Amino acid sequence: ILKLMNSVKAMGAIIDRVFIIRLLESSLLQDVPSASVIAIADKAVPMRFQKGDVLFKEGDPGDVLYLIRKGSVKISRKNPRGMDVAQTYVAAGNWVGEMALLADPPVRNATVTAAVPCEVLKIERPDFVEIMAKYPLAEERILQVSEERRLQNLGGMQDTFSGKILDFLLKEGVSDADNVLVIDSDLCVGCDNCEKACAATHGGYSRLDRKGGKSFASV
């Protein structure tokens, strides 16, 4: 039995390694040769975070990049009043933390928090710098993503209200859901068609309570 358990464990490790390599190839390292992808995969450190855990805080030194295997994370920044306000959230298959690694000095410009239980791969700064130096196509794509995020951040910092709505939605578990109904009460005419459609789908019983859901402003 022990030999069988060890065999199953070894097989699981092989499958997990292949999954990590495929994840790197399909996201961060699309333009990197397979041998280098495998080398990075073998150095990457798998980590788990529970909902609400902080991966890193605004102002922390930037020493690692996280590639999200499973789950999603919330990106937030402090507003002029010092309050932490949500900017966006990043889903599995994407990475976070590259902006600090590209900066001089390498300092985090945002806080990243697990919106749901997450599995990530931790990639150290020297390995990231080596990728950027050796592979121009990978560098170009990473810089493009970083610039898009920088521009998004500039707009998000001016829109505190949207950040508060996003914070509300994440707090209510929208990122955990397979399906969600979000209603803008300023636009809703109260026809109840959403509840009727839900009832028609579930044997006459509506799983929605249009008037009973949590609310923030008009949402």
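Does region 159-172 include one or more residues that are out of contact with any Pro (no Cβ under 9 Å at 6 or more places or on another chain), open to solvent by less than 70 Å² (accessible area, probe 1.4 Å), modelled with pLDDT under 90 and closer than 25 Å to Gln30 by Cα? No; the residues of region 159-172 include none that is out of contact with any Pro (no Cβ under 9 Å at 6 or more places or on another chain), open to solvent by less than 70 Å² (accessible area, probe 1.4 Å), modelled with pLDDT under 90 and closer than 25 Å to Gln30 by Cα. Of all residues in region 84-98, one or more are modelled with pLDDT of 90 or more and aromatic (Phe, Trp, Tyr).
Pro117 meets each of the listed conditions (1) surrounded by fewer than 16 Cβ atoms within 10 Å (Cβ to Cβ); (2) more than 18 Å from the chain's Cα centre (by Cα) apart from (2). Mind listing whichever residues of region 189-214 are at pLDDT below 85 and open to solvent by 90 Å² or more (accessible area, probe 1.4 Å)? Selection gives Arg207, Asp209, Lys211, Lys214. Contact annotation: residue pairs with Cβ atoms under 6 Å, 6 or more positions apart or on different chains, pairing a residue in region 114-141 that is touching a residue at least 40 places away in the same chain (Cβ under 8 Å) and closer than 26 Å to Gly173 by Cα with a partner that is of a type in the set (S, T, N, Q) and in a helix (DSSP H, G or I), are Ala115/Ser175; Val116/Ser175.
The values are calculated or read from the model by the stated rules, or taken from the named source; none is laboratory data. Worth saying up front: this structure is predicted, and the values here are computed from it rather than measured. Quick reminder, even Gly has a Cβ in these numbers, built from the backbone with ideal geometry, and neighbours come from all protein chains shown. Note: areas computed on protein heavy atoms with side chains; ligands, DNA, RNA excluded. Shrake-Rupley method; radii C 1.70, N 1.55, O 1.52, S 1.80 Å.
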